[in-house]
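Here the structure comes first, spelled out in structure tokens, and everything after it is commentary.
Quick note: the coordinates plus some simple rules give every number you see, no bench work behind them. Predicted model only: the values in this text are computed from it and were never measured. Reconstructed Cβ throughout: ideal geometry from the backbone, glycine too, with neighbour counts over all protein chains shown.
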Amino acid sequence: MLRLSVVQPEALELPLLVISTPAGFPSPAQDDMEEPIDLGAWLVEHPAASYVMRVDGHSMAEAGINDGDYIVVSRAKKPRVGKIVVALVHGDRTLKRLRSWEGRHWLVAEAAGYPDIIVDEHVEIWGVVVGLARRYG
Amino acid sequence: MSAPIALIDCNNYYVSCERAFDASLIGLPVIVLSNNDGCAIARSAEAKALGIKMGDPVHHLRDKIKRHGIRVLSSNYALYGDMQRRVVAAIQPFARDFEIYSIDETFVDFAGFEHLDLVAHAREMSAQVRQWTTIPTCVGIGLTKTLAKLGNAAAKKNPLFDSVADLRDENTCNWVLDRFPAGDVWGVGRATAGKLAALGVQTAGQLRDMPMKQARGIGTVVLERLIAELRGVPALAVETVEPQRKGLAVTRSFGTPVSDLDTLMGAVAQYAMRAGEKLRNHGLVAGRLTVFFHTNVHKPERPQYSASRTLSMQPMTCDSLELLSYARRGVERAWREGYGITKAGIILEDLMDEQLHPRTLFEDDDKKRTRLMTAMDAVNERFGKFTAVPAVQGFKREWSARSESRSPNYTTRLSEVPSVRA
């Protein structure tokens, strides 16, 4: 049985196909119904554990992350060495790459002129950057 | 043998949500104010330690706030609602079914998980919530909702439990029940508590051991059900329990999935009417309404959608037509075509005694409306549920709650997301 749903007139923004067909004979066109591309859904793989943040500053410019960019930060991904992470340093949110040497972890900028930060008891890794969004005006 | 049930409850939920995005609040006394910034409705552990009580009017707290540097925030329901979605999503893989009881409490059905060490399982669930949302939780496990609730209270109060209490263990159960005041058991009203005290029933343990006959003599059928629940025999639909300040919920699963907006609206309208009736029965008004609906999470092969919208209600109301109008707006905003919805519900929060709630400048004289509601309740009582129902939805409110120190909508508005220093 094909069930037709009632569509509110103001909701007519999706491609709509009304099919009338004898029961038992599925229309081949049914499978061609497509949703518009949803970049947000693609960018945020894990909505329940992901948070969007705005980048403020230039210390990650060489990693391709600019002032004013939006990043997607996941708390479901494990923070591994080599990942770009959001960390709380004395409670302040900081964006850096997680590195490791001499048996210690460090938060490292990717632009000249920013000191490395050692990961100690004042630092908490909050999440891992999994996406980047930017518009060009 | 009935299946184990757990209640997972977020610690100081509103404060925990705020702290997730503002680390400067961690370790300080923090309170969150009700709609209208009237009184304290959430307190951090540090604020509780300073003797601040639930519902304390903020103008009584001025001195304390100054003296102790208490951080005072307006409530940010958009944030709390969005974080709840995340909490529930983190809980889902750990349960066969779940039932949202209030914004920070969810009952979890552990049927099918009995072969596991459920304490460890509950800890994992709690850790998952904390990992995804930063929010700390406590879990109580029992054979009935009442026992799960008691277990949760024990886990919260006593650090020995390390945030998970399993009342399926007889010794633990006795230990907890013997220390829990009978009057504080979920669903025991003040009048009943008085009668129990007169009979020497002081603790939940004594209440459990009370002869049913005696219970019938002093209480309603609710008291009998409670005693059964304390004995580990499930008897309580969540609905039969009195609403508390935390809030009340009306939720249902659908027999067959609902895929059109009209049918869903019809169901939600019923819940709104029922919720309004419950509020009026208890002389309460509500400041906030959440409407939610979702597909069957246990059929991952089907398209999944889960939505919830929280609306502040200004002025606070117990008017079913008002509740309905808010609920409809929530559903309209959240609706997406193409999904089979299997569960929906309404949660009312920020409850207050009808006589005490703050009035707004624009509040109409609602005597006529009150008479209409009374008449509607009478008709429904006499001729069955939902005989008298509204034919149209109410009107729109254009003003919003007063909220002078509300935090940003960190998770729901792009212009207000947290910034990170690079």
Taking region A:70-137 and dividing mean pair separation by its residue count, relative contact order in percent (alpha carbons under 8 Å, at least six apart): 42 percent
Approximate spin-label separation A:Lys78-B:Leu116, in nm, with each point projected 7 Å along Cα-to-Cβ: 1.9 nm
Would you compute the Debye intensity of region B:1-134 from its alpha-carbon atoms alone, equal scatterers and no solvent, and pass along log10 I(q)/I(0) at q = 0.17 Å⁻¹ to two decimals? -0.89
B:Arg288 neighbourhood, Cβ < 9 Å, K/R = +1, D/E = -1, net charge -2
Neighbours of A:Gly131 by Cβ distance under 15 Å: Lys/Arg at +1, Asp/Glu at -1, summed charge +3
Along region B:282-289, what does the Karplus equation 6.51 cos²θ - 1.76 cosθ + 1.60 (θ = phi - 60°) give for ³J(HN,Hα), rounded to whole Hz, x for Gly and Pro? 9, x, 10, 10, 10, x, 7, 10
What per residue convex hull volume, in Å³, do the alpha-carbon atoms of region A:60-120 yield? 104 Å³
Relative contact order, percent, of region B:1-62 when contacts are C-alpha pairs under 8 Å separated by at least 6 residues? 26 percent
Test of understanding: what is the full-extension gain from B:Glu170 to B:Lys64, defined as 0.36 nm times their sequence separation minus their Cα-Cα distance? 33.8 nm
Kindly provide the pair-distance distribution of region B:222-342 built from C-alpha pairs, with 10 Å bins from 0 and whole-percent values in order of increasing distance. 12, 38, 30, 18, 2
Distant alpha-carbon pairs in region B:41-96 (separation over 17 angstrom), percent: 52 percent
Of the convex hull drawn through the C-alpha atoms of chain B, the volume per residue in Å³ is 175 Å³
What FRET efficiency do you get for A:Ala41 and A:Asp92 if R0 is 35 Å and r is their Cβ-Cβ distance, rounded to the nearest 0.05? 0.70
Please work out how much length the chain gains when fully extended from B:Leu199 to B:Ala127, using 0.36 nm per residue of separation minus the C-alpha to C-alpha distance, in nm with one decimal. 21.6 nm
Violating pairs (Cα-Cα greater than 22 angstrom) within the set B:Lys53/B:Lys157; B:Lys145/B:Lys278; B:Lys48/B:Lys157; B:Lys53/B:Lys156; A:Lys78/B:Lys299: A:Lys78/B:Lys299
Applying the Karplus parametrisation 6.51 cos²θ - 1.76 cosθ + 1.60 with θ = phi - 60° to the phi angles of region B:115-121, what ³J(HN,Hα) value in whole Hz is obtained for each residue in order, glycine and proline being reported as x? 5, 8, 6, 5, 5, 5, 4
Sequence-separation-based contact order of chain B, relative, with Cα cut under 8 Å and 6+ spacing, percent: 17 percent
